[in-house]
Amino acid sequence: MNATFLSHQTPRHPLRPLVAAAVLALGAASSAQAQSLTELFEAARKHDANYLSAVANAKATNARGNQAWAGMLPQVGYSADKFETENNLSSATVDSNSQTLSLKQPLFQMGSFLGVAQGSHTRDIAARQQQAAEHELVLRITEAYFNVLAASDSLGVVQAQKQAVSEQLAAAKRNFEVGTSTVTDSREAQARFDLVVAQEIAAQNDLRVKRLALDQLVGITDAQPRPLKVPAVLPALESPDLDTWLAQAQANNAQLQQAQSAARIANLEAKKSMSNHLPTLDLVAQQKKTEGPNSLGVNTKTDNTSVGLQLNLPLFAGFAHHNRIRETLYLQEKAQADLDNAERNVIQATRSAFYGVQAGLSQVKALEAAEASSQVSLDANKLGYQVGVRINIDVLNAQSQLYQTKRDLAQARYNVLLGQLRLKQASGTLSGQDLVSINGLLAP
């Protein structure tokens, strides 16, 4: 984008039209390919390697949880063998073969029972892992989306400021030529113009970098986010009560629920290690068919079937059970400490996000008032410069203040929307509907 679209005849108070023109030009440049936040989120779900890796890991964790049922289900095996036996006396070769089908059904194995309970908690962890991956992707795509919009806003504002400073520089030169101002005015305006040019270069590069980051995340070349509507009306917090958010976080936060499930698994693992000294009882059945010579050299066929109970009682294993119990008890303590830490982190994250959104909404209101005041100040300084009661540097400073306020206001709005998503992530209530709601704030 270039600044030539601002080269129309300057109105009496050009700043509002200049910024509006910058925003319209940015929107016109991208309207043909503009994507909403939900569209880019769906693209990221199919492309982002971090998210796909997290989903695959969650599925693997779920499969690991299902493996616990193996200790409770029957074990069936089949084996076969064939031999050739040569008789040294008769020099004859005799074939013999056998086939065995075996079944083992656990009847009492405390470790297997506890393992099934662990598997249930492992599957819960898998579900929370996938939920956490979804939430993280929502935040990353929203942050990248708003980063592009903020960089685009900054570039538009800098280019509008460049045009305004250019016009002020031209006016200072004309006034110097006719003798109504000093050369200092021209030099001050030239210095401010050179500074804005440098800011424009930096803003262009920042926008380029932010676009590349978004493209990498969604797998789309030159993605074009839709800007916020003008004027932007930000939604208030769903609940102004911090305790409500904290209660939701303690009940729904994905990371906290993973830590809770991990603590339960560690507790069951300690119990399972203590059960290793208990007896196990299995139902065993076997059918074996053999064909071959007997002791008299006569070829015979036999078919044996056996069914019974098998009892195993561990007696001594070199203190392995004792040390395994100690290990699992320490791991149980670790899991409980991790759970306590996760709960504290969730509470802290929820508090920080809540206060951040509250402060952000207040900041937006303050900056909106500052924007209006800065506009009035600039208009007054321009009028004072025309009648000779203000100098050129006063106008340039007022311009700089106005455009800085506009940049800060745009960024503050994006921070509020992103902060609301972070609060919902901490409380465990983040969903795809939240992105749909943000889409409603975007320009069509």
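Against the conditions (1) modelled with pLDDT of 95 or more; (2) open to solvent by 50 Å² or more (accessible area, probe 1.4 Å), residue 436 satisfies every one except (1).
Residues that are in contact with a helix residue (DSSP H, G or I) (Cβ under 9 Å, 6 or more places away or on another chain) and basic (Lys, Arg) within the stretch 267-297 comprise 271, 272, listed in sequence order. Residue-level check: of (1) among the basic types (Lys, Arg); (2) out of contact with any Gly (no Cβ under 8 Å at 6 or more places or on another chain); (3) open to solvent by 40 Å² or more (accessible area, probe 1.4 Å), residue 382 misses just (3). In the set 324, 264, only one residue is modelled with pLDDT of 95 or more, on the phi < 0 side of the Ramachandran plot and either outside any helix (DSSP H, G or I) or in contact with a helix residue (DSSP H, G or I) (Cβ under 6 Å, 6 or more places away or on another chain) (or both); that residue is 264. Among the residues making up the stretch 201-211, those that are without any contact (Cβ under 8 Å) to a residue 60 or more places away in the chain and either charged (D, E, K, R) or surrounded by 14 or more Cβ atoms within 10 Å (Cβ to Cβ) (or both) are 203, 204, 206, 207, 208. Here residue 244 does not qualify as among the hydroxyl-bearing types (Ser, Thr, Tyr) and over 30 Å from residue 125 (Cβ atoms). Whenever a residue of the stretch 170-194 is in contact (Cβ under 8 Å) with a residue 12 or more places away in the chain, its partners that are β-branched (Val, Ile, Thr), lying with C-beta atoms within less than 7 angstrom and at least six residues away or across chains, give the pairs 185/391; 188/393; 189/165; 192/165; 193/165. A residue that is buried (at least 17 other Cβ atoms within 10 Å of the Cβ), more than 30 Å from residue 284 (Cβ to Cβ) and not small (Gly, Ala, Ser) cannot be found anywhere in the stretch 319-328.
Do we have any residue at all in the stretch 55-65 that's touching a residue at least 60 places away in the same chain (Cβ under 8 Å), hydrophobic (A, V, I, L, M, F, W, C), surrounded by 13 or more Cβ atoms within 10 Å (Cβ to Cβ) and within 30 Å of residue 267 (Cβ to Cβ)? The answer is yes, given that some residue of the stretch 55-65 is touching a residue at least 60 places away in the same chain (Cβ under 8 Å), hydrophobic (A, V, I, L, M, F, W, C), surrounded by 13 or more Cβ atoms within 10 Å (Cβ to Cβ) and within 30 Å of residue 267 (Cβ to Cβ).
All conditions in (1) in a helix (DSSP H, G or I); (2) at pLDDT below 95 hold for residue 353, with the sole exception of (2). When residue 342 is tested against the conditions (1) hydrophobic (A, V, I, L, M, F, W, C); (2) at pLDDT below 95; (3) in a helix (DSSP H, G or I), the lone failure is (2). Note on the stretch 230-261: residues that are in a loop (DSSP other than H, G, I, E, B) and closer than 19 Å to residue 419 by Cβ total 11.
The values are calculated or read from the model by the stated rules, or taken from the named source; none is laboratory data. Everything numeric here is computed off the predicted structure, so don't read it as measured data. When we count neighbours, we look across all protein chains shown, and the Cβ atoms used for this are built from the backbone with ideal geometry, even at glycine. For the accessible areas, the whole protein counts, side chains as well, though only heavy atoms, and no ligand, DNA or RNA atoms are used. Shrake-Rupley method; radii C 1.70, N 1.55, O 1.52, S 1.80 Å.
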